[in-house]
1. Does the stretch 79-96 hold any residues that are under 24 Å from M44 (Cβ atoms), more than 12 Å from the ligand (Cβ to nearest atom) and not aliphatic (A, V, I, L, M), and which are they?
2. For the stretch 236-252, which residues satisfy the criterion of being surrounded by fewer than 23 Cβ atoms within 10 Å (Cβ to Cβ) and either part of a loop (DSSP other than H, G, I, E, B) or in the same structural domain as K67 (by TED's automatic domain parsing) (or both)?
3. I'm told T105 meets every condition in (1) under 30 Å from I246 (Cβ atoms); (2) within 13 Å of the ligand (Cβ to nearest atom); (3) not in a helix (DSSP H, G or I) except one. Can you identify the failing condition by its number?
4. Does K191 satisfy the condition of being touching a strand residue (DSSP E or B) at 6+ places or on another chain (Cβ under 6 Å), under 25 Å from G274 (Cβ atoms) and not aliphatic (A, V, I, L, M)?
5. Taking the stretch 112-122 only, how many residues are open to solvent by 30 Å² or more (accessible area, probe 1.4 Å) and not small (G, A, S)?
6. Within the stretch 221-235, track down each residue that is within 12 Å of the chain's Cα centre (by Cα) and at positive phi.
7. With the condition being surrounded by 18 or more Cβ atoms within 10 Å (Cβ to Cβ) and within 16 Å of the ligand (Cβ to nearest atom), I'd like the helices (runs of 4 or more DSSP H) fully within the stretch 131-235 carrying at least 2 qualifying residues.
8. Could you list, in sequence order, all residues of the stretch 38-72 that are open to solvent by 20 Å² or more (accessible area, probe 1.4 Å), within 12 Å of the ligand (Cβ to nearest atom) and of a type outside the set (V, I, T)?
Amino acid sequence: MKKDLSALFRLSLCAIVAFICLAGGRGFSVEISRRPDDLLGPLMGNIPKTVRVTLTAQEITATIDSKANVSFRYFTFNGRVPGPFIRVMEGDTLEVTLVNPKTNTETHTVDFHAIKGFRGGATRMMAPPGQSRRSSFQITRPGLYVYHCVGNGSVHDVLHHINNGMYGLILVEPRDLDNEFQKLLRSPNLKEFYVMQGEFHINDEVPGNMDHEKGLREDPDYVVFNGRVNALSDYPLRSTIGDNVIIYFGNAGPNKISSFHIVGEIFDKVWREGVLASPPFRYVQTTAVPAGGAAVLHLKSEKSSTEAGSYLLIDHSVFRIAKGAMGHLWVSGY
Ligand SMILES: [Cu+2]
């Protein structure tokens, strides 16, 4: 009996060690990517309200490159990269709850570029493992904004937590119903998508961890859309000819400016820098989106000028395609 228990103990130990090795290094498969259609539709009503959002910091090991069998220890909001798409209207109050479970190892917080003051909310929302924070903020400026973690607020943590996937977008719809973007939201056959570009610098000696030196050299291993290689090929953007397609595109960086382009398409309207209070640019081939910035892109597909089929989403700094910066838009006929 004693011998049996000892064998059982050894077997359990082996299983635990194998799990830790796989989870910390290569071959542990968890879906990290948020699907591009995972977002709530346009807001209804025009009365200022309180929008409540809960963000849970989750430190997760997941596959970043299934072909090369590479895993990475991500930091996420709500378990996916990017974090949830948050949608409010100009003049609303945003009530944010940040939960940092005690199983985490890092202090987390959130800096909303849509908030004026309080370092974007980061000073109020900073929570060590096992604690949570709640605070409310007035949202006064329309636009498409990035939000991201800055860890404990140190320079190292700012780089580390953005590098590791802790970011998302918040859309502040203009309250003016005559605003051109607001009118687009009320047009027929609307298809909205959520895409974020991010770079990952991975330590060769400690698999799964960030490589600070590669970050300083601005030499990422991966440049990807929605958290991992092939995320937007496995889960492409899907539309039909006749649709009004909107892509909410954000660039987390941490370093590079994205030259976002769709092969064989021209953006009919681009609200550059995510500035919705100004008129859009028309007929744009490639749009530059800075690290920590965003853009709202509109594609009107028409039978006369749009071919059904597959379109490639790329960063037109084309060597980044070899690092993963590619996805697909599938356009079907009637
Ligand atoms: Cu964090």
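1. Correct list: P84, F85, R87, E90, G91, D92, T93, E95.
2. P236, I241, G242, D243, listed by residue number.
3. Of (1) under 30 Å from I246 (Cβ atoms); (2) within 13 Å of the ligand (Cβ to nearest atom); (3) not in a helix (DSSP H, G or I), only one is false for T105: (1).
4. For K191, the condition - touching a strand residue (DSSP E or B) at 6+ places or on another chain (Cβ under 6 Å), under 25 Å from G274 (Cβ atoms) and not aliphatic (A, V, I, L, M) - is met.
5. Initially, the stretch 112-122 is screened for residues open to solvent by 30 Å² or more (accessible area, probe 1.4 Å), giving 113, 116-119.
So of that shortlist, the ones also not small (G, A, S) come out as 113, 116, 118-119.
The total comes to 4.
6. N226, G227
7. Correct list: 155-163.
8. Q58, E59 - these are the residues of the stretch 38-72 that are open to solvent by 20 Å² or more (accessible area, probe 1.4 Å), within 12 Å of the ligand (Cβ to nearest atom) and of a type outside the set (V, I, T).
The values are calculated or read from the model by the stated rules, or taken from the named source; none is laboratory data. Everything numeric here is computed off the predicted structure, so don't read it as measured data. Note that each Cβ is placed from the backbone with ideal geometry, even for glycine, and that neighbours are counted across all protein chains shown. Each accessible area value is taken on the protein alone, full model and side chains, heavy atoms only, with ligands, DNA and RNA left out. Shrake-Rupley method; radii C 1.70, N 1.55, O 1.52, S 1.80 Å.
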